[in-house]
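Trainee: Below are the structure tokens for one structure; questions will follow.
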Amino acid sequence: MAAAAEPRPFTADAIQGLLRTRALGRELHLHPRLASTNTTALALAASGAPHGTVVVAEEQTAGRGRLGRVWHSPAGENLYCSILLREVGSGAWLSWLPLMTGLAVLKTVHAAAGLQPSLKWPNDVFIGSRKIAGVLGESAGLGTPDAVVVVGIGLNVNIGRESFPTELRAIATSLAAEAGCRFDRAELLASLLLELEACYTAVTPEVPAALREEYGAYCSTLGRQVRVSLAEDRTIEGRAEAITEDGALRVIESGSGRALTIRTGDILYLR
Ligand code: BTN
């Protein structure tokens, strides 16, 4: 259990002292402030940093989310981390990586706080109708031997509800806001990295049906009537029916009944 008044300082030594992983976090860079941990991790990748390198920041000045959004990243309260993965291969495994990351975050949140989170396709973690964590996967050199994927995770930990900017107050939450106590971020990060390593090992090189089913069991998007915002201001509406073998969302379009395969898009729940 990571619930605590954070007696332990959030330092690289504290995090590494708690690590039980084989590779993830064995090389760890903790910065007081970065533009974006994903940017730093991609730069480290370009200069040869090993598989499993983790970049953490106390604060991000240009934290980014999916679809060009900003990730609110104030100092000292939350987790902002990026994990560098090498030998990532190709195909379905790659498409499942961000989804599996969302699943690992969900399990960590559940184990730490006893909360019952859900997943909004592809990899948002929610408590009820509020988002607690998001995942941003970025890559370089795919299709070459030097291919890398950087998985960035933002998890709201100790930020109070009143500290979110007004526009996020109704739609975002944190562990502390939900559980009513503060959490030890070093312990949380160590648990998250262990969970991630288990998920990544399980999906190499194929995504086992059991993991896909587990993702589906937590995915609140399935069975919903949704509006999907696609590129170039296009939207479609329909019923989210299934997750495909390569991690896409299958939507049955209202009216036409056509089955559409969504690989990137913003999902709004209509009911
Ligand atoms: C989303 O839900 O839109 C994804 C949010 C991802 C935020 C994390 S915080 C750590 C890493 N660095 C970034 O700039 N973004 C990701």
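The values are calculated or read from the model by the stated rules, or taken from the named source; none is laboratory data. Remember, predicted model here, so these are calculated numbers, not experimental data. Ideal geometry is used to build each Cβ from the backbone, glycine not excepted, and the neighbour counts take in all protein chains shown.
Trainee: Answer yes or no as to whether LEU97 is under 30 Å from ARG212 (Cβ atoms) and more than 8 Å from the ligand (Cβ to nearest atom). Give the steps one after another, and end with the answer.
Mentor: Details: under 30 Å from ARG212 (Cβ atoms): yes; more than 8 Å from the ligand (Cβ to nearest atom): yes.
So LEU97 fits the description; yes.
Trainee: Determine, yes or no, whether GLN16 is at pLDDT 95 or above and near the ligand (Cβ under 9 Å from one of its atoms). Before the answer, list the steps.
Mentor: Numbers: at pLDDT 95 or above: yes; near the ligand (Cβ under 9 Å from one of its atoms): no.
So GLN16 does not fit the description; no.
Trainee: Just give me the residues in the stretch 53-75 being in contact (Cβ under 8 Å) with a residue 60 or more places away in the chain and not basic (Lys, Arg), in sequence order. I'd like the intermediate steps shown before the answer.
Mentor: Let us first name the residues in the stretch 53-75 that are in contact (Cβ under 8 Å) with a residue 60 or more places away in the chain, namely 54, 56, 63-67, 71-74.
If the condition is that a residue be in contact (Cβ under 8 Å) with a residue 60 or more places away in the chain and not basic (Lys, Arg), then VAL54, VAL56, GLY63, GLY65, LEU67, TRP71, HIS72, SER73, PRO74 are the ones that fit.
Trainee: Could you say whether any residue in the stretch 26-41 is among the small types (Gly, Ala, Ser) and more than 9 Å from the ligand (Cβ to nearest atom)?
Mentor: no
Trainee: Let me ask something else about it. Is it the case that some residue within the stretch 60-71 is more than 14 Å from the ligand (Cβ to nearest atom), at pLDDT 95 or above, hydrophobic (A, V, I, L, M, F, W, C) and more than 11 Å from the chain's Cα centre (by Cα)? Give the steps one after another, and end with the answer.
Mentor: Filtering the stretch 60-71 for residues more than 14 Å from the ligand (Cβ to nearest atom) gives none.
For the stretch 60-71, residues more than 14 Å from the ligand (Cβ to nearest atom), at pLDDT 95 or above, hydrophobic (A, V, I, L, M, F, W, C) and more than 11 Å from the chain's Cα centre (by Cα): absent.
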